[in-house]
Amino acid sequence: MKLIELRHLRKQFIAGDVMVDALKDVSLTVERGAFTAIMGASGSGKTTLMNIIGCLDTPTSGTYILNGMDVSTMDDDQLSAVRNKTIGFVFQNFFLLHYATVLENVLLPTLYVDTLRHDLKDKAMEMLQIVGLKDRALFKPRQLSGGQQQRTAIARALINDPDLIICDEPTGQLDSNTASEIMKILTKLNEKGKTIIVVTHDANIAAYAGSTIVIKDGLIEGG
Amino acid sequence: MARLINNIRSAAYAVASFKLRSAFCLFSVALGIASITVIVASVEGAYKKAYDFAEMFGPETVLVFGGSEEQRANGEKMKALTLGDIKAIGEAFPTATLVVPIAMRGGVAVSYLNVKSQTLIIGSTEDYARSWAWPVEQGVDLSPEDAAFGRGVCLLGQQVASTLFKDTSPIGKTVLVNTKIPCRVTGVLADRSASVAGINLNDRIIMPIGVMMRKLMNDAKYISAIKIKYQHGRPLMRSIAELRLFLRDRHQLQEGQSDDFTIISPEEIIKFLAALTGSLVVSLGVSGIVSLIVSGFVLANLFLLSVKERTQEIGIRRAVGAKKRDIFQQFIIESALLTSAGGVLGFILGYGGSKLLPLIADFPMYFSWKAFVIGLTLSIATGLIFGVAPARAAANLNPIEAVR
Ligand SMILES: Nc1ncnc2c1ncn2[C@@H]1O[C@H](COP(=O)(O)OP(=O)(O)O)[C@@H](O)[C@H]1O
Ligand SMILES: [Mg+2]
């Protein structure tokens, strides 16, 4: 079953007085439960593609079907709701709130759910258990190593139980040992049924994925 | 609802976390609110004092002074009102229930045994205390016979009583006025310590006007003032207008000639006292509003700066599902929280500061829930108004720019 279907996606940016075609004509599908790597050189359009798949940005033209819904026609509020429910983000620079604790960071996506729930703290502790950070719940991000910060971000990505987890260069800031720890966690999550997309330019990282898509100059190679 | 509560919690958390920014906003708002608190308290104080005084003056009473306002201002002798006027007014106006003569002489020596002092002597009738709604606290009021037969009796003001008699009761004792007029004390007037324009009302002796005119004023023809109390239910302004025409006629004033008397009513006293404080209130008010606006701009700029610094936070929140509305709410609530806390702090500062003001000048202040509510409302309004631009800037940040 398809989770993601992109048809003839185009994305243009206006940089000063020139138009940049970040994505030229991208069509691809991602099956539910897949573990996909996206590889490509710097500037090839990986982040742009991930932002659109993550509903942080909208394509200039083309269609994007996520979970059976046409998200390319949704407005900002609807996209926010989709991100909240369906997508978990893991960024290269972790992007944690420095003034909040690990636990509070993990709980962040729950603030934007319309219904009130009372077992959220237990749920967050459960997520921290999955990434092996239960004993750091009350630490501030600055007190953690890079790997621990990224594991916090993964716990945050999991809290609302999304179908899709997208990771833009999740190991870019980490040494290779820590990187493989993170990839093992992602592999475990994939085994439990999460659809995972990882952007990387490191073949060792892409090797964890079941399939690899290569992107070059805004086009998918061989696609 | 759950979201709004969460946004309020996020806002409170951020306010507590960005301590330096919060402290700046807090104090700049607090200063503005402090001055506004003082202003509101002064306005209320002035009005309370004016009304207290009008109450003391007696509602539905007027005081007629001899001499026009200009003459009185120039310190000229006010030879206008006579005991004849008293009688005539009493006969002409049935609605004037009390028509009380007042003769005054200040700085008169008084003594009891070997204790000496100086005070204001007032010559009047048994109606004096009643016409001023001024109860006799110890002993009894002057009687109609005391006044009619010109007996050597008197009422003491609180201060005279305590100066001459310390803790002992003055009732029935005889004081010497002007070293030669013996007066037996029949009563002591209640405390009227709220001084108006520096006049101490407790420092006086009241005696029958007959005795005073004969023995202290060399049988002078003129008296200082007339206090008139009217029946309830008739517009005072009308009574005053009639009284004025009547007195002009009696004093044979031609058209174009100014009055040789001045009529004062409680309304006028309120107006006068309000005007006195008005100018001060305006200057304080302007500076308070200006400082509040300044603090609003300080706030707006600090918040815009803060939005820039927190671009990443905003991007993260947007990525995990915050709508523009959520971000707007969080930032505007942060702003309102800070300014309302500044409002409370400002009230405390204003309250504390105003405890010092009366040490410098005789300045009535009165704190009520009004000063608090007005201050708090203005501070929240400041937060909401000046918080809009930064909150909107935060809400409209492009999330992909924010998480680059
Ligand atoms: N917001 C933007 N404005 C202008 N140009 C952009 C913007 N985002 C990306 N680009 C351009 O689009 C191209 C693809 O960028 P990106 O998707 O970030 O590549 P990658 O992540 O593979 O390094 C680059 O040429 C980049 O300069
Ligand atoms: Mg990139």
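The values are calculated or read from the model by the stated rules, or taken from the named source; none is laboratory data. In this text the structure is predicted, and so the values were computed from the model without any measurement. So basically every Cβ, Gly included, is an ideal-geometry build from the backbone, and we count neighbours across all protein chains shown.
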Residue check: is A:Asp175 acidic (Asp, Glu), away from chain B (no Cβ under 14 Å) and within 16 Å of ligand 1 (Cβ to nearest atom)? no
So which residues in region B:364-404 are closer than 30 Å to A:Ala153 by Cα and either surrounded by fewer than 17 Cβ atoms within 10 Å (Cβ to Cβ) or within 16 Å of ligand 1 (Cβ to nearest atom) (or both)? B:Arg392, B:Asn396, B:Leu397, B:Asn398, B:Pro399, B:Ile400, B:Glu401, B:Ala402, B:Val403, B:Arg404
Pick from region A:53-72 the residues that are in a helix (DSSP H, G or I) and out of contact with any Gly (no Cβ under 9 Å at 6 or more places or on another chain): which of them is farthest from ligand 2 (Cβ to nearest atom)? A:Val71
Residue hits (region B:213-239; surrounded by 15 or more Cβ atoms within 10 Å (Cβ to Cβ), among the small types (Gly, Ala, Ser) and not in a helix (DSSP H, G or I)) are B:Ser224, B:Ala225
Limited to region A:100-117, what total is found for residues that are in contact with a Pro (Cβ under 9 Å, 6 or more places away or on another chain) and either facing chain B (nearest Cβ under 7 Å) or of a type in the set (A, V, I, L, M) (or both)? 3
Within region A:1-30, the residues that are over 19 Å from A:Met69 (Cβ atoms) and out of contact with any helix residue (DSSP H, G or I) (no Cβ under 9 Å at 6 or more places or on another chain) are A:Arg10, A:Gln12, A:Ile14, A:Ala15, A:Gly16, A:Asp17, A:Val18, A:Met19, A:Val20, A:Asp21, A:Lys24, A:Asp25
Counted residues, region B:312-339 - those being more than 7 Å from every other protein chain (Cβ to nearest Cβ) and either among the acidic types (Asp, Glu) or under 48 Å from the mean Cα position of the chain (by Cα) (or both): 14
Cβ-Cβ below 6 Å, separation at least six or inter-chain, first residue in region B:140-153 and in the same structural domain as B:Ile206 (by TED's automatic domain parsing), second modelled with pLDDT of 90 or more and exposed (fewer than 14 other Cβ atoms within 10 Å of the Cβ): which pairs? B:Gly152/B:Pro182
All but one of (1) in contact with an Asp or Glu (Cβ under 6 Å, 6 or more places away or on another chain); (2) away from ligand 1 (no atom under 16 Å from the Cβ) hold for A:Lys140, so report the exception by its number. (1)
Starting from region B:158-170, take each residue that is aromatic (Phe, Trp, Tyr) and list its partners that are in a loop (DSSP other than H, G, I, E, B), counting only C-beta distances under 9 angstrom and pairs at least six apart or across chains. B:Phe165/B:Lys173
Subset of region B:10-22 (residues that are facing chain A (nearest Cβ under 8 Å) and loosely packed, with under 14 Cβ neighbours inside 10 Å): B:Ser17
Within region A:2-20, is even one residue assigned to a strand (DSSP E or B), among the charged types (D, E, K, R), within 16 Å of ligand 1 (Cβ to nearest atom) and under 26 Å from B:Leu397 (Cα atoms)? yes
Mind telling me which of the residues A:Leu96, A:Leu79, A:Leu128 ends up being at pLDDT 95 or above, touching a Ser or Thr at 6+ places or on another chain (Cβ under 9 Å), within 8 Å of chain B (Cβ to nearest Cβ) and crowded, with 20+ Cβ neighbours inside 10 Å? A:Leu96
Test of understanding: among A:Ile52, A:Ile38, A:Ile87, A:Ile65, which residue is more than 14 Å from chain B (Cβ to nearest Cβ), under 30 Å from A:Thr110 (Cα atoms) and buried (at least 21 other Cβ atoms within 10 Å of the Cβ)? A:Ile38
Pairs only if they're at least six apart or on different chains, beta carbon under 9 angstrom, first in region A:105-117 and without any contact (Cβ under 8 Å) to a residue 40 or more places away in the chain, second of a type in the set (A, V, I, L, M, F, W, C) and exposed (fewer than 12 other Cβ atoms within 10 Å of the Cβ); list them, first residue then second. A:Asp114/B:Met1; A:Leu116/B:Met1; A:Leu116/B:Ile5
Go through region B:165-177 and give me each residue that's surrounded by 15 or more Cβ atoms within 10 Å (Cβ to Cβ), in a loop (DSSP other than H, G, I, E, B) and not charged (D, E, K, R). B:Pro170, B:Ile171
Pairs under 8 Å by beta carbon, first residue over 26 Å from B:Gly58 (Cα atoms) in region B:99-114, partner charged (D, E, K, R) and surrounded by fewer than 22 Cβ atoms within 10 Å (Cβ to Cβ), six or more apart or different chains? B:Ala109/B:Lys116; B:Val110/B:Lys116; B:Tyr112/B:Lys173
Considering (1) part of a helix (DSSP H, G or I); (2) farther than 21 Å from B:Ala96 by Cβ; (3) touching a residue at least 40 places away in the same chain (Cβ under 8 Å), say which one B:Glu242 fails and leave the rest. (2)
Taking first residues from region B:32-49 that are assigned by TED's automatic domain parsing to the domain that holds B:Leu299 and assigned to a helix (DSSP H, G or I) and second residues anywhere that are surrounded by fewer than 23 Cβ atoms within 10 Å (Cβ to Cβ) and of a type in the set (Lys, Arg), the pairs with Cβ under 7 Å that are 6 or more apart or on different chains are B:Val40/B:Lys370; B:Glu44/B:Lys370
